1. Say each of K193 and K254 gets a label point 7 Å from the Cα, pointing the same way as Cα to Cβ; how far apart are those two points in nm?
2. Figure the gain on full extension for E84 and E45 (residue separation times 0.36 nm, minus the Cα-Cα span) and round it to one decimal in nm.
3. So what J values fall out for the stretch 437-447 if you push phi through Karplus, 6.51 cos²θ - 1.76 cosθ + 1.60 with θ = phi - 60°, rounded to Hz, Gly and Pro as x?
4. Report the full-extension gain for the segment Y98 to K430: residue separation times 0.36 nm, less the Cα-Cα distance, to one decimal in nm.
5. At 7 Å along Cα-to-Cβ for each site, give me the label-to-label distance between Y440 and F274 in nm.
6. Roughly how large, in nm² to one decimal, is the mean projection of the convex hull of the alpha-carbon atoms in the stretch 14-172?
7. So, in Å, what gap is there between the alpha-carbon centers of the stretch 297-348 and the stretch 203-281?
8. Using the Karplus curve 6.51 cos²θ - 1.76 cosθ + 1.60 with θ = phi - 60°, work out ³J(HN,Hα) for each residue of the stretch 250-262 in order, rounded to whole Hz, and write x for Gly and Pro.
Amino acid sequence: MTPENLLASQREFFLSGQTIPLKFRIKQLTKFKKILLENEKYFYEEIYKDFSKSKFETYATELSLVYSELNLAIKKLKKWMKPEKKKTNLANRPGKSYVLPEPLGCCLVIGAWNYPYQLSLIPVISALAAGNTVILKPSELSFNASAIMAKIFNHVFIPEIFHVVVGGVKETQAFLNLKFDKIFFTGSVPVGKIVYKAAAQNMTPVTLELGGKSPTFVLPDANLKITAKRIVWGKFLNAGQTCVATDYILADKKIEKELLEELKKEIEIQFPNFDTIPENYVQIINERNFDRLLNLIDKEKVYTGGTFDREKRIIHPTVLHNVTFKDTSMDDEIFGPILPVITFENLDDAIEEVKHRPKPLALYIFSKKKRTIKKIQSEISFGGGAVNDTVMHLTNHRLAFGGTGSSGIGNYHGYTGFKTFSHFKSILKKPYWYEPKIKYAPYSEKKRKILKFLIE
Ligand code: NAD
């Protein structure tokens, strides 16, 4: 089917009104869950072919989040779909006010490769829950994971409701030329700009989940052992190919040595032997990224790691020290297992440096001091983050997930995802039995005064 025909069939289906009832939506979500459960085995097998992601990591960082979103939507959808009552202002009393959610229509979801299942499927779940039709275009780089999603979902869902299209730039461009009612994109900032521009031609609303350099502040009062454990986990999960991973550490000079030692110890504990326990560590997605990452390792500045296995596309967890903002590793988002540590003597200077850069997707603070935490959080703008942890904030569906500035537009997860794929109609309902004359001509000064009282 051509992109035009596929979208036309979804549009016709959407306009028939069949996606509106709660019963229809629950049926789609339940079917979605059933397919996933029945085929879980293939999801593990196929992603392993892409970048040797283990069953444990695939469940913990992908499928568990997808199931959690599905369960939540199935449980809460009835409530989410209900009109929400609002207070009525004096001028409109005794009327009633309410807000009515409605689906946006035909949606395009474009996924990234680094978490190919959850980054593609969570927005699809939100879109279906909100009563839309969806075309999903996952990333061509995670080829096998994308292919299994297409094979399994396209076998069970009719294309008028939900269809997965595999392909790369050419295929994505073909869809971007069409008029959708919503485009949800996850990926890099440069491609985000292409998507935004294409959407503007059709006045299509977008959600852009992008990336950037996410800093982690470590203050002198932090518990360095636990800090190192939590940073190492969040950074080397998926071999650093995580949009919200610590991109670089900003550490107080006073604790630099101790922190570096703790990071090194923790890497040895969490990744004891790459040859005998390969399932603990993910490959780099392709050769191009492998070479890009090796170029970021300044051999003079390696504190630990810096080694690699080209045949297996593995770069061992690497910590760089004596790094400054002028280093190559500080130019762009690293998106791999390289962790630069920059030190500061004055927190204000470190905050200024971050403030003058693009707004990060995530920011982490390791400290027990309320004042310091408040200072960093209020002075720097960023998407979201955590205090005394990394990455875990995105597992709480009550915390809307998304960036700000160049790290993204809009957000999702849980009820926020439902809202992202809905329009909220604001309605005022008036009774017939009350009809005051003040708004109607002939006007008078007395009427103007009453209006002033009612409206102001
Ligand atoms: P990418 O921008 O290269 O690709 C994303 C999608 O866009 C893919 O489906 C791809 O096929 C498509 N695409 C690529 N080039 C295109 C073009 N010229 N025209 C139209 N479509 C095109 O991103 P990626 O390499 O898959 O992912 C890495 C980036 O995504 C990182 O910057 C990372 O931080 C970011 N990311 C953000 C989040 C988030 O939730 N905010 C999550 C994961 C990744």
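The values are calculated or read from the model by the stated rules, or taken from the named source; none is laboratory data. Predicted, not measured: the structure shown is a model, and the values here were computed from it. Ideal geometry is used to build each Cβ from the backbone, glycine not excepted, and the neighbour counts take in all protein chains shown. These accessible areas exclude ligands, DNA and RNA; they are computed on the full protein's heavy atoms, side chains included. Shrake-Rupley method; radii C 1.70, N 1.55, O 1.52, S 1.80 Å.
1. Taking the simple label geometry, K193 and K254 are separated by 4.2 nm.
2. Here the segment from E84 to E45 would lengthen by 9.6 nm.
3. Each residue's phi maps through the Karplus curve to give 8, 4, 7, 8, 6, x, 7, 8, 5, 4, 5 Hz.
4. Using 0.36 nm per residue and subtracting the Cα-Cα distance, I get 118.4 nm.
5. A separation of 8.2 nm, rounded to one decimal place.
6. 11.2
7. Here the two parts' Cα centres lie 11 Å apart.
8. For the stretch 250-262, the Karplus curve yields 10, 10, 4, 3, 4, 10, 3, 4, 5, 5, 4, 5, 5 Hz.
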